[in-house]
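Throughout, read-outs are computed from the coordinates displayed, never taken from laboratory work. Just so we're clear, the structure is a prediction, and the values are computed from it rather than from any experiment. Cβ sites come from the backbone with ideal geometry, for glycine too, and all protein chains shown count toward neighbours.
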Amino acid sequence: MQKDNLATLINEAKHCSFCSEFLPQPPRPVFSAGYSKLVLIGQAPGQQAHNNSKPFSDQSGVRLRRWLKIDEATFYNPDKLTIMPMGFCFPGYKNGADAPPRKECAPKWHHQFLSIIKPQAIILVGRYAQKYYLPQFKSLSEAMTQCDFSEGLIPLPHPSGRNNRWLAKHPWFESEYLPKAAAYIKRSL
């Protein structure tokens, strides 16, 4: 019965047009869901992900898989990893960059997916996911330095090249934090 519930939910989410009037293009929800022990919650699909319906199908995805020490086959296997953004559709551009994710998606879809999937761990990629799931932390750095994974939440910066400055200022991220996070993720897989 639960498998039917997930299949039905996936179908409903794939055909969602809830915020279509606010999108620059017709809705095309981009996510991948299965009965995985690990869920990755990102921001929103970029134009490239929108065009090919594949999350993290750009250089950010290459960097993220390297950080997590997850090969591409595992990353895109929904039985190993569910990939769910804060905003399911490409939100367009604002000030020369991708616009923030639409705020309607997470409240509408996340609880439904998470209650069926029941993951052991959730990777929070980017500040939008962290603010939603870890609102007690005022910054990305604070979330990562004070979060001990005990609740199954693993905050990460967005792997975009736009965060290279933050990464350069926080060398502990790659030398100390990532090895611990990758080991935790490996156990969850």
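Descriptive notes on the structure:
- Pairs meeting the criteria (first residue in the stretch 126-147 and in contact (Cβ under 8 Å) with a residue 24 or more places away in the chain, second residue outside any loop (DSSP other than H, G, I, E, B) and of a type in the set (Lys, Arg), beta carbons under 8 Å, at least 6 apart or on different chains) are Leu140/Arg127.
- Residues (in a helix (DSSP H, G or I) and more than 24 Å from Ala44 (Cβ to Cβ)) located in the stretch 156-176: Ala168, Lys169, Trp172, Glu174, Ser175, Glu176
- Those residues of the stretch 138-182 which are in contact with a strand residue (DSSP E or B) (Cβ under 8 Å, 6 or more places away or on another chain) and under 19 Å from His110 (Cβ atoms), in sequence order: Ala143, Cys147, Gly152, Leu153, Ile154, Pro155, Leu156, His158
- Summed over the stretch 37-73, residues that are touching a residue at least 12 places away in the same chain (Cβ under 8 Å) and either basic (Lys, Arg) or within 13 Å of Ile185 (Cα to Cα) (or both) total 11.
- Given (1) of a type outside the set (D, E, K, R); (2) out of contact with any helix residue (DSSP H, G or I) (no Cβ under 9 Å at 6 or more places or on another chain); (3) closer than 24 Å to Cys16 by Cα; (4) outside any loop (DSSP other than H, G, I, E, B), index of the condition Met84 fails: (2)
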